[in-house]
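Novice: Before we start, here is the structure in question, set down as structure tokens.
The values are calculated or read from the model by the stated rules, or taken from the named source; none is laboratory data. Since this is a predicted model, take the numbers as computed values, not measurements. In this analysis, Cβ positions are derived from the backbone assuming ideal geometry, glycine residues included, and neighbour counts consider all displayed protein chains. These accessible areas exclude ligands, DNA and RNA; they are computed on the full protein's heavy atoms, side chains included. Shrake-Rupley method; radii C 1.70, N 1.55, O 1.52, S 1.80 Å.
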Amino acid sequence: MKTCIVTSDYFVPGETFINRHIEHLFGGQTCVLCGRFDGQNPLDKPVFERRARLSEADKLRAPFAMGWNAATEGTGRLPFGDNRRALVDWLHAQQVEVILAEFGTQALVVAKLATELGLPVFSYFRGTDASRALGSRQRVRAYRRMMPRLDGIFAVSQFLLDNLARHGVSHPNAHVIPSGVDIRRFAPEAKIPGSCLAVGRMVEKKAPQITLRAFARAAADRPGHLTFVGDGPLLDSCRRLAAELGMAGRVTFTGALPHDAVRAHLATTEIFLQHSVTDRNGNTEGLPTAIQEAMAAGCIPVSTRHAGIPEAITEGENGFMVAERDEDAFADRLARLLDTPDRSALARAARATAETRFDNAVLLDRVEAQIRARVTARR
């Protein structure tokens with residue numbers, strides 16, 4: 001079934017969940033509609049760049065068209081004029097049968113056009129699009145207007161569906177399907193005792209300072225090493241904080257790494273730390289892919305009761321959670337875990353959870369089945 005995958009930027013190496021859909025959905029019968037395209041196309045897919053240079057006529061139309069769309073549809077990014085005609089021609093040429101927008105904000109861009117063309121259209125909600133985006137009343141109204149146009153929605157966690165529903169945004173054909181992980185590639189190896197790892201952007205939502213201070217307290221009189229993988233605005237301040245805490249020799253900051261390198265770190269790491277919090281703009285996780293990958297690698301997660309994380313971690317069985325921003329509890333939980341003589345049962349349980357719940361081959365089949373069922377029902 002030829003599927004058009006709609007995303008903001010193509011190609012983004014870190015968006016493994018989207019790239020997997022582009023590469024494998026319906027046997028790889030896909031094309032890509034993106035906002036921006038930097039020319040990298042390792043998956044060798046037909047690409048339509050929505051924000052490509054406008055024609056002279058569209059430059060004249062833009063102020064009215066974008067203003068009208070913003071007022072009536074809640075976003076000024078709907079295609080119009082020559083660009084819209086080119087997109088319609090491209091969709092026809094690609095023989096697209098269904099559209100999957102990888103974020104709710106991207107679905108806003110294409111839902112109206114898909115309806116006018118008679119194409120089934122689905123949206124995947126992944127985090128920011130069902131948290132921070134809901135802080136805008138205009139966005140909430142736009143989502144409500146969009147929902148009847150969609151054939152179904154997916155979310156990576158029940159938390160996100162519940163959050164949408166609290167704002168009066170819902171769909172009768174809604175399904176929780178996590179992004180998942182390739183459990184055949186993320187496999188446990190011999191673990192380095194006391195090794196800890198945190199992976200993600202160094203931003204407020206990941207609270208790297210809390211992770212760092214909690215590790216410093218827990219490891220003060222215990223063996224252990226913490227590695228941070230990721231780049232971002234808080235990286236330099238965290239480096240300075242590590243030195244101030246006397247942890248410069250026990251904390252490594254790698255910066256951003258290729259996915260293969262992250263996987264290698266996870267394979268030999270014993271404990272995965274992720275202190276996710278709701279940031280000041282209301283931004284939350286969905287169900288972090290990093291936690292799913294860590295569990296697949298047999299890492300024991302220590303995290304927070306945040307967003308969809310409790311849907312992955314069963315307290316004391318395959319990992320541990322504390323309240324958001326509770327640095328004392330985070331440090332105490334890590335200290336007690338480091339004091340546990342045999343942590344192998346927790347590691348095995350984490351891996352088993354990934355095998356049974358986060359195998360992305362199984363989850364991809366579920367997405368396909370739901371799309372196929374709805375498309376068949378329309379015919």
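Novice: All but one of (1) in a helix (DSSP H, G or I); (2) modelled with pLDDT under 95 hold for Arg84, so report the exception by its number.
Specialist: Failing condition for Arg84: (2).
Novice: Next question, about the same structure. For segment 155-198, what are the residues that are under 18 Å from Phe358 (Cα atoms) and among the hydrophobic types (A, V, I, L, M, F, W, C)?
Specialist: Ala155, Val156, Phe159, Leu160, Val176, Ile177, Val181, Ile183, Phe186, Ala187
Novice: Within segment 338-351, how many residues are surrounded by fewer than 13 Cβ atoms within 10 Å (Cβ to Cβ) and touching a residue at least 40 places away in the same chain (Cβ under 8 Å)?
Specialist: Residues meeting the conditions: 1.
Novice: For segment 195-229, enumerate the residues that are on the phi > 0 side of the Ramachandran plot and open to solvent by less than 10 Å² (accessible area, probe 1.4 Å).
Specialist: Selection gives Ala207 alone.
Novice: So, of the residues in segment 279-309 that are under 15 Å from the mean Cα position of the chain (by Cα), at negative phi and part of a loop (DSSP other than H, G, I, E, B), which turns out to be surrounded by the most Cβ atoms within 10 Å (Cβ to Cβ)?
Specialist: Glu285
Novice: Another question, if that's okay. Hey, Gln106 hits all of (1) out of contact with any helix residue (DSSP H, G or I) (no Cβ under 6 Å at 6 or more places or on another chain); (2) within 26 Å of Ala142 (Cβ to Cβ); (3) surrounded by fewer than 21 Cβ atoms within 10 Å (Cβ to Cβ); (4) not hydrophobic (A, V, I, L, M, F, W, C) but one; which does it fall short on?
Specialist: The failed condition is (3).
Novice: Still on this structure, I have one more. Here are the criteria: (1) over 19 Å from Arg333 (Cβ atoms); (2) out of contact with any Asp or Glu (no Cβ under 9 Å at 6 or more places or on another chain). Tell me which single one Lys205 does not satisfy.
Specialist: (2)
Novice: If a residue has to be at pLDDT 95 or above, assigned to a loop (DSSP other than H, G, I, E, B) and touching a Lys or Arg at 6+ places or on another chain (Cβ under 8 Å) to count, how many in segment 189-218 make the cut?
Specialist: 2
Novice: Hey, another quick one. Take the residues in segment 169-179 that are open to solvent by less than 50 Å² (accessible area, probe 1.4 Å) and modelled with pLDDT of 95 or more; name whichever of them is farthest from Asp365 (Cα to Cα).
Specialist: Among those residues, the one meeting the criterion is Val169.
Novice: Within segment 352-364, which residues are surrounded by fewer than 20 Cβ atoms within 10 Å (Cβ to Cβ) and not aliphatic (A, V, I, L, M)?
Specialist: Glu355, Thr356, Arg357, Asp359
Novice: Turning to a different aspect of this structure: State the number of residues belonging to segment 11-34 that are over 20 Å from Pro288 (Cβ atoms), open to solvent by less than 50 Å² (accessible area, probe 1.4 Å) and either in a helix (DSSP H, G or I) or at pLDDT below 95 (or both).
Specialist: 5
Novice: Filtering segment 151-167 down to residues that are outside any helix (DSSP H, G or I) and of a type outside the set (A, V, I, L, M), which residue is farthest from Ile5 (Cα to Cα)?
Specialist: Across segment 151-167, the extreme among qualifying residues is His167.
Novice: Right, here's the next one. Which residues, counting only those in segment 310-321, are at negative phi and part of a loop (DSSP other than H, G, I, E, B)?
Specialist: Ala312, Ile313, Thr314, Glu317, Asn318
Novice: Specify the residue that is surrounded by the fewest Cβ atoms within 10 Å (Cβ to Cβ); the eligible residues are those in segment 242-260 that are among the hydrophobic types (A, V, I, L, M, F, W, C) and either free of Cβ contacts under 8 Å to residues at least 24 places away in the same chain or more than 19 Å from Ala297 (Cα to Cα) (or both).
Specialist: Ala243
Novice: Taking the residues in segment 231-278 that are closer than 19 Å to Ile192 by Cα and polar (S, T, N, Q) as candidates, determine which candidate is nearest to the chain's Cα centre (by Cα).
Specialist: Among them, the one singled out is Gln274.
Novice: Oh, and also: Please go through segment 180-194 and pick out each residue that is of a type in the set (A, V, I, L, M) and crowded, with 24+ Cβ neighbours inside 10 Å.
Specialist: The answer is Val181, and nothing else.
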